[in-house]
Amino acid sequence: MRYFGVGKLVNTQGLRGEVRVISTTDFPQERFKTGSQLYLFHPTLREPLLLTVASWRQHKGFELLKFAGYDSINDVEKFKGGELKISEDDLMELEEDEYYIHQLVGCEVVTDEGEVLGKIVDVLQPGANDVWVVRGERGEIYLPYIDECIKQVDVENKRVVCHLMEGLV
């Protein structure tokens, strides 16, 4: 089974078992709502620990979570530094022209003139639009995810067609 990160557990909050989480998901309302199931990955655990969210609230840029059956700071102190993930089965259906980063990484990028630029190795999210990092013979190329640049995305066949705008290389 594959797992995908939704948050980094950075600290405890108070004495009643709440934890502070830095969210890495675009869907915090879905991932952290009461009843959601998350897997905790931590260096001290041999296997992921399945946790059920008992409560969730936001406070000062953090997601504050409490897990069912963990009612004290002593119960959750050992979770610090862990990563919260969901299983592949829990991925949400995306809108047309929206992709998960794991679907894009590894896609071959070809220009609309047929030149192979390389493969997508990362997706940056600096602001208004994502930027796809492509590594190939020309080195690293940064492609903005905008209609003028990205012409076709086929995640099934791991292929992206782009128009290489002036100044990108």
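FYI, it's all coordinate maths here, none of it is from the lab. Please read all numbers here as calculations on a predicted model, not as lab measurements. Because the Cβ atoms are built from the backbone with ideal geometry, glycine has one as well, and the counts that use them run over all protein chains shown.
Each part reduced to its alpha carbon centroid, the range 96-169 and the range 10-79 end up 34 Å apart.
Using the Cβ of Gly35 as centre and a radius below 13 Å, the other residues enclosed give a net charge of +1, where K and R count +1 and D and E count -1.
How much net charge surrounds Leu15 when only other residues with a Cβ under 14 Å from its Cβ are counted (Lys, Arg +1; Asp, Glu -1)? List each step's numbers first, then the result.
Values: positive: Arg16, Arg20, Lys66; negative: Glu18, Asp71, Asp75, Glu77.
Result for the local shell: -1.
Approximating the spin labels as points 7 Å out from Cα along Cα→Cβ, the His42-to-Asp112 distance works out to 5.2 nm. Met165: net charge of surrounding residues, Cβ under 15 Å, Lys/Arg +1, Asp/Glu -1, itself excluded? Net charge around Met165: -4.
Beyond 25 Å between alpha-carbons counts as too far, so tell me which of Lys8/Lys119; Lys33/Lys80; Lys60/Lys85 fall in that bin. Result: Lys8/Lys119 exceed 25 Å.
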